[in-house]
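Peer 1: I'd like to ask you about the structure that follows.
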Ligand SMILES: [Zn+2]
């Protein structure tokens, strides 16, 4: 048995998927909310007998390896390593021989790990580092937290870092493409360190590997205040959340996550005991971030600064998250401080601060009253109009009625006046989520399955019937893409009495197996439990359909040739083609 098969054997698909998605048993399959797209009714299907999990809404999923790749954003080799570790399966090396000895990506990971250790050693062991360490301790971080998040210090020098890395065997070109060095001219010969004299926060991918850095200025005149790694082959700002790998377990356990803005805020919050906390690094929150979090949590607690920019960020996060059916809460950090300062002064208050966070609508409403006051018609109108878009997003009627009552009460108006006001107001054509590209996620297109795909799926699921109709289903019915599955299936089946179509499936080569299983699962979902007579009828009708299509294609081809032959004056050719066409019309393609 190969390592791949052994892993599949030891790790049932439902067990792996169950760690990310809540599943419910329905018949012989399990269903849950798709972790890859936003949806409100579960359409993500896990089929233990086929060993696959698939969403026919967004067409993502597959076996344990494909699922892992898509879920964790890793390639096949990484998925293999992770799952081998989890199942205790020893990997035979032949899986890696195919790949280049050490590919670019592995080198990138390696150089980041090396330099992260270098920055850590500079923090803990160099004379300048000691001062930086003092600064961190003064900000309230414990040594334990500093080590846990692997905070470091980049020497205030143009070449200390790259000299060290070159000695370790990394090329200048590598250092530039890893974003650790910059070039003075267009050549890579003349390089210098990107991060100089900065507090270094390593940014981890979902597996906890260092893939980039956020460098914070330590001197007053140092610009910019935050310098991040550029986008590289392993670091994409829009789909990496700082702290994610540390927060994973706790997020899964509690179903909620706190979103903060900065590295310091995150570490301080974590240290105070709120371990399910993440931050976007070097960019505002994106739709991708929200998608990454979805399998882990249902509740987002926004903890942004109380300044205007922080408010805007919270609003934006709220608008984006609406499409994902998150419950959104806002933790307003008291005393107008950021979470790091607050955590330093009130280490015991952090947990309750986030636990008591009110719903966003509640918070937003409170702010409107605060900002505009409740006196005068203009202020009242303003409050109603600004609250309206949010009001429309409220899901429950009770919640809506409750807000109407409160508006009437707080603004000293009659409820009917508020209803009138709301009716007369138009929702602005500009919807913020639209501007941020937040709405596109709802519009994933379900793939349409073709007649040949349905036919092949039926053959797999009903091998006995397929055997009976074998003569009517020639290879020529299938396109190049599906022919290999058909051929393999037909070889493996080969007249033997195969009771279970899945046995046939499991004898297909890996590459074809997954596609065939998805087809089989689709057909299962599409037709449900049907009788053999119904299967036969459906197969015959699909075959007839495909034959008609083939006939149309062949007819068009020959007609084209006839026209050409006529133009060229080739009478004989023309006649024989016409004969062929007439045969085709009377006997079909067989
Ligand atoms: Zn989906």
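The values are calculated or read from the model by the stated rules, or taken from the named source; none is laboratory data. Nothing here was measured: the structure is a model prediction, and the numbers come from that model. Virtual Cβ from ideal backbone geometry, glycine too; neighbours counted across all protein chains shown.
Peer 1: So how many residues does segment 32-48 have that are more than 8 Å from the ligand (Cβ to nearest atom) and under 20 Å from residue 72 (Cα atoms)? Don't jump to the end; show me each part of the working.
Peer 2: Taking segment 32-48 first, the residues more than 8 Å from the ligand (Cβ to nearest atom) are 32-33, 38, 40-42, 45-48.
From what's left, under 20 Å from residue 72 (Cα atoms): 32-33, 38, 45-46.
Here the count works out to 5.
Peer 1: Answer yes or no as to whether residue 115 is at negative phi, more than 16 Å from the ligand (Cβ to nearest atom) and not assigned by TED's automatic domain parsing to the domain that holds residue 169. Spell out how you get there, then give the answer.
Peer 2: Numbers: at negative phi: yes; more than 16 Å from the ligand (Cβ to nearest atom): yes; not assigned by TED's automatic domain parsing to the domain that holds residue 169: no.
Answer is no for this residue.
Peer 1: Is at least one residue of segment 59-66 surrounded by fewer than 21 Cβ atoms within 10 Å (Cβ to Cβ), near the ligand (Cβ under 8 Å from one of its atoms) and under 15 Å from the mean Cα position of the chain (by Cα)?
Peer 2: Within segment 59-66, one or more residues are surrounded by fewer than 21 Cβ atoms within 10 Å (Cβ to Cβ), near the ligand (Cβ under 8 Å from one of its atoms) and under 15 Å from the mean Cα position of the chain (by Cα).
Peer 1: A further question on this structure: Which ones in segment 151-165 are within 16 Å of residue 217 (Cβ to Cβ) and surrounded by fewer than 24 Cβ atoms within 10 Å (Cβ to Cβ)? Even if it seems obvious, please write down each step before you answer.
Peer 2: As a first pass, look at segment 151-165 and keep what is within 16 Å of residue 217 (Cβ to Cβ): 151-157.
Answer for segment 151-165, where residues must be within 16 Å of residue 217 (Cβ to Cβ) and surrounded by fewer than 24 Cβ atoms within 10 Å (Cβ to Cβ): 155, 156, 157.
Peer 1: Taking strands (runs of 3 or more DSSP E) that fall entirely within segment 225-308, which contain at least 2 residues that are crowded, with 21+ Cβ neighbours inside 10 Å? Can you show your working first?
Peer 2: Details: elements: 226-228, 256-260, 277-280, 299-302.
Passing ranges, in order: 256-260, 277-280, 299-302.
Peer 1: So is residue 74 out of contact with any strand residue (DSSP E or B) (no Cβ under 8 Å at 6 or more places or on another chain) and either more than 19 Å from residue 5 (Cα to Cα) or within 13 Å of the ligand (Cβ to nearest atom) (or both) or not?
Peer 2: Working: out of contact with any strand residue (DSSP E or B) (no Cβ under 8 Å at 6 or more places or on another chain): yes; either more than 19 Å from residue 5 (Cα to Cα) or within 13 Å of the ligand (Cβ to nearest atom) (or both): yes.
For residue 74, the condition - out of contact with any strand residue (DSSP E or B) (no Cβ under 8 Å at 6 or more places or on another chain) and either more than 19 Å from residue 5 (Cα to Cα) or within 13 Å of the ligand (Cβ to nearest atom) (or both) - is met.
Peer 1: Looking at residue 372, is it free of Cβ contacts under 8 Å to residues at least 60 places away in the same chain and buried (at least 20 other Cβ atoms within 10 Å of the Cβ)? Before the answer, list the steps.
Peer 2: Numbers: free of Cβ contacts under 8 Å to residues at least 60 places away in the same chain: yes; buried (at least 20 other Cβ atoms within 10 Å of the Cβ): no.
Answer is no for this residue.
Peer 1: Being touching a strand residue (DSSP E or B) at 6+ places or on another chain (Cβ under 6 Å) and either at pLDDT below 80 or over 17 Å from residue 307 (Cα atoms) (or both) is the filter here; which residues of segment 319-347 pass it? Give the derivation first.
Peer 2: Residues of segment 319-347 touching a strand residue (DSSP E or B) at 6+ places or on another chain (Cβ under 6 Å): 321, 326-331, 339.
Answer for segment 319-347, where residues must be touching a strand residue (DSSP E or B) at 6+ places or on another chain (Cβ under 6 Å) and either at pLDDT below 80 or over 17 Å from residue 307 (Cα atoms) (or both): 321, 326, 327, 328, 329.
Peer 1: Can I ask one more? Considering only segment 214-242, state which residues are touching a residue at least 40 places away in the same chain (Cβ under 8 Å) and within 26 Å of residue 139 (Cβ to Cβ).
Peer 2: Result: 214, 215, 216, 218, 226, 228, 229, 235, 237, 240, 241, 242.
Peer 1: Assess whether residue 130 counts as being more than 30 Å from residue 231 (Cα to Cα) and in a helix (DSSP H, G or I).
Peer 2: Numbers: more than 30 Å from residue 231 (Cα to Cα): yes; in a helix (DSSP H, G or I): yes.
For residue 130, the condition - more than 30 Å from residue 231 (Cα to Cα) and in a helix (DSSP H, G or I) - is met.
Peer 1: Out of (1) crowded, with 20+ Cβ neighbours inside 10 Å; (2) within 16 Å of the ligand (Cβ to nearest atom); (3) on the phi > 0 side of the Ramachandran plot, the odd one out for residue 51 is which?
Peer 2: Exception for residue 51: condition (2).
Peer 1: Which condition number in (1) within 16 Å of the ligand (Cβ to nearest atom); (2) out of contact with any strand residue (DSSP E or B) (no Cβ under 8 Å at 6 or more places or on another chain); (3) in contact (Cβ under 8 Å) with a residue 24 or more places away in the chain is the one that residue 69 fails?
Peer 2: The failed condition is (3).
Peer 1: Further question: Regarding residue 22, is this residue free of Cβ contacts under 8 Å to residues at least 12 places away in the same chain, within 16 Å of the ligand (Cβ to nearest atom) and surrounded by 17 or more Cβ atoms within 10 Å (Cβ to Cβ)? Working first, answer last.
Peer 2: On the way: free of Cβ contacts under 8 Å to residues at least 12 places away in the same chain: yes; within 16 Å of the ligand (Cβ to nearest atom): yes; surrounded by 17 or more Cβ atoms within 10 Å (Cβ to Cβ): no.
No; evaluated as a whole, the condition is false for this residue.
Peer 1: Do you know which of the residues in segment 285-310 that are in contact with a strand residue (DSSP E or B) (Cβ under 9 Å, 6 or more places away or on another chain) and without any contact (Cβ under 8 Å) to a residue 40 or more places away in the chain is nearest to residue 17 (Cα to Cα)?
Peer 2: The residue in question is 290.
Peer 1: Same structure, new question: Residue 327 - would you say it is more than 23 Å from residue 216 (Cβ to Cβ) and over 25 Å from the mean Cα position of the chain (by Cα)?
Peer 2: Values: more than 23 Å from residue 216 (Cβ to Cβ): yes; over 25 Å from the mean Cα position of the chain (by Cα): no.
No.
Peer 1: Step by step: first the residues of segment 116-143, then only those that are closer than 17 Å to residue 266 by Cα and in contact with a helix residue (DSSP H, G or I) (Cβ under 8 Å, 6 or more places away or on another chain), then the one that is surrounded by the most Cβ atoms within 10 Å (Cβ to Cβ). Which residue is that? So that I can check it myself, show each step before the final result.
Peer 2: The first filter runs over segment 116-143 and keeps only residues closer than 17 Å to residue 266 by Cα, leaving 135-143.
Checking the rest, the ones that are also in contact with a helix residue (DSSP H, G or I) (Cβ under 8 Å, 6 or more places away or on another chain) come to 136-137, 139-143.
Working: 136: 19, 137: 12, 139: 14, 140: 19, 141: 22, 142: 13, 143: 11.
So, considering only residues that are closer than 17 Å to residue 266 by Cα and in contact with a helix residue (DSSP H, G or I) (Cβ under 8 Å, 6 or more places away or on another chain), the one surrounded by the most Cβ atoms within 10 Å (Cβ to Cβ) is 141.
Peer 1: When you scan segment 402-443, how many residues do you find that are within 24 Å of residue 286 (Cβ to Cβ) and at pLDDT 50 or above?
Peer 2: We begin by selecting, within segment 402-443, every residue within 24 Å of residue 286 (Cβ to Cβ); these are 428-443.
Still in the running and at pLDDT 50 or above: 428.
Summing the residues that are within 24 Å of residue 286 (Cβ to Cβ) and at pLDDT 50 or above in segment 402-443 gives 1.
Peer 1: If a residue has to be touching a residue at least 60 places away in the same chain (Cβ under 8 Å), in a helix (DSSP H, G or I) and more than 29 Å from the chain's Cα centre (by Cα) to count, how many in segment 346-367 make the cut?
Peer 2: So the answer is 1.
Peer 1: Now a separate question. Does residue 459 qualify as being in contact with a helix residue (DSSP H, G or I) (Cβ under 9 Å, 6 or more places away or on another chain), away from the ligand (no atom under 16 Å from the Cβ), in a helix (DSSP H, G or I) and modelled with pLDDT of 85 or more? Quick ask: steps written out before the conclusion?
Peer 2: On the way: in contact with a helix residue (DSSP H, G or I) (Cβ under 9 Å, 6 or more places away or on another chain): yes; away from the ligand (no atom under 16 Å from the Cβ): yes; in a helix (DSSP H, G or I): yes; modelled with pLDDT of 85 or more: yes.
Yes; evaluated as a whole, the condition is true for this residue.
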